[in-house]
Amino acid sequence: MTYTPNRFLSRLVGHRLYSVQFTMDYVQLHFDHEDTPHSPLLNCDALPHVLTGGRWTTPADPAWAGALRSLIPRQVTATHEATGTGLRLDFGDDAVRLHPSPKELTGPEIAYLSGFGDRDWMAWRPGEESFEDL
């Protein structure tokens, strides 16, 4: 089966970010939708960069966690996935982007998306779909 970039990720469009969970070395973004009881989860093993108010923040920036939390309870308005740019979730004019540099890679996976009713899931890894450049 041929992988089609953004086909799976785009399932998040219309979902609301209702929780951001910070752990010692990764972040989880929890989503819900009024039309389904299922709650998709995007596990970010590589920490995302966040665009708010026209400014990108990185995990090294003291404002980063607040920028990520500020997206609660916004809805995903668009998703993008491509080699060279990685994954991006748009929340209107704001966004979350996952395209780590080699030094930002902390393990075998960049991100993992699951929690849909059909139990389908996707893991993104360096050197594979949409991250062939890493």
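The values are calculated or read from the model by the stated rules, or taken from the named source; none is laboratory data. These numbers were taken from a predicted model, which means no experiment stands behind them. Every residue, glycine as well, gets a Cβ built from its backbone with ideal geometry; the counts of neighbours run over all protein chains shown.
Run down Glu128, Glu34, Glu109, Glu132 and say which single residue is touching an Asp or Glu at 6+ places or on another chain (Cβ under 6 Å), surrounded by fewer than 19 Cβ atoms within 10 Å (Cβ to Cβ) and acidic (Asp, Glu).
On the way: Glu128 fails: touching an Asp or Glu at 6+ places or on another chain (Cβ under 6 Å); Glu34 fails: touching an Asp or Glu at 6+ places or on another chain (Cβ under 6 Å); Glu132 fails: touching an Asp or Glu at 6+ places or on another chain (Cβ under 6 Å).
Being touching an Asp or Glu at 6+ places or on another chain (Cβ under 6 Å), surrounded by fewer than 19 Cβ atoms within 10 Å (Cβ to Cβ) and acidic (Asp, Glu) holds for just one of Glu128, Glu34, Glu109, Glu132, which is Glu109.
Find the residue count for region 81-105, including only residues that are in contact with a helix residue (DSSP H, G or I) (Cβ under 9 Å, 6 or more places away or on another chain), touching a residue at least 60 places away in the same chain (Cβ under 8 Å) and within 18 Å of His30 (Cα to Cα).
Matching residues across region 81-105 total 3.
Counting only residues that are part of a loop (DSSP other than H, G, I, E, B) and in contact (Cβ under 8 Å) with a residue 40 or more places away in the chain, which one in region 20-31 is surrounded by the fewest Cβ atoms within 10 Å (Cβ to Cβ)? Steps first, answer last, please.
Going residue by residue through region 20-31, those that are part of a loop (DSSP other than H, G, I, E, B) are 23-26.
Filter once more, so that each one left must be in contact (Cβ under 8 Å) with a residue 40 or more places away in the chain: 25-26.
Values: Asp25: 9, Tyr26: 17.
Step by step, filter region 20-31, then rank; the result is Asp25.
Any idea how many residues of region 124-134 are touching a strand residue (DSSP E or B) at 6+ places or on another chain (Cβ under 7 Å) and of a type in the set (Gly, Ala, Ser)?
Restricting attention to region 124-134, the residues satisfying the condition of being touching a strand residue (DSSP E or B) at 6+ places or on another chain (Cβ under 7 Å) are 124, 130-131.
Next cut, of a type in the set (Gly, Ala, Ser) only: 130.
Residues that pass the stated criteria total 1.
Sort out which residues of region 84-114 are hydroxyl-bearing (Ser, Thr, Tyr) and modelled with pLDDT of 95 or more, and write them in order of number.
So in region 84-114, the residues hydroxyl-bearing (Ser, Thr, Tyr) come out as 85, 101, 106, 112, 114.
Selection gives Tyr112, Ser114.
Give the residue that is nearest to His15 (Cα to Cα), with candidates limited to residues of region 64-105 that are among the hydrophobic types (A, V, I, L, M, F, W, C) and part of a loop (DSSP other than H, G, I, E, B).
Of the residues in region 64-105, the ones among the hydrophobic types (A, V, I, L, M, F, W, C) are 64-65, 67-68, 71-72, 76, 78, 82, 87, 89, 91, 95-96, 98, 105.
This time we only want the ones that are part of a loop (DSSP other than H, G, I, E, B), so: 71-72, 76, 105.
Numbers: Leu71: 12, Ile72: 11, Val76: 6, Leu105: 27 Å.
Restricting to residues being among the hydrophobic types (A, V, I, L, M, F, W, C) and part of a loop (DSSP other than H, G, I, E, B), the top hit is Val76.
For region 67-122, which positions are under 24 Å from Gly53 (Cβ atoms) and of a type in the set (S, T, N, Q)?
Ser70, Gln75, Thr77, Thr79, Thr85, Ser101, listed by residue number.
Taking region 4-15 only, how many residues are of a type outside the set (A, V, I, L, M, F, W, C) and crowded, with 17+ Cβ neighbours inside 10 Å? Give the derivation first.
Going residue by residue through region 4-15, those that are of a type outside the set (A, V, I, L, M, F, W, C) are 4-7, 10-11, 14-15.
Filter again for crowded, with 17+ Cβ neighbours inside 10 Å, leaving 11, 15.
Matching residues across region 4-15 total 2.
Quick one: which residue in Leu47, Leu17 is under 17 Å from Leu89 (Cα atoms), assigned to a loop (DSSP other than H, G, I, E, B) and in contact with a Pro (Cβ under 7 Å, 6 or more places away or on another chain)? I'd like the intermediate steps shown before the answer.
Numbers: Leu17 fails: assigned to a loop (DSSP other than H, G, I, E, B).
Residue meeting the stated conditions: Leu47.
Within region 106-123, track down each residue that is outside any strand (DSSP E or B) and either of a type in the set (A, V, I, L, M) or touching a strand residue (DSSP E or B) at 6+ places or on another chain (Cβ under 7 Å) (or both).
Narrowing region 106-123 to residues outside any strand (DSSP E or B): 106-110, 115-121.
Within region 106-123, Glu109, Ile110, Gly115, Gly117, Trp121 meet the criteria.
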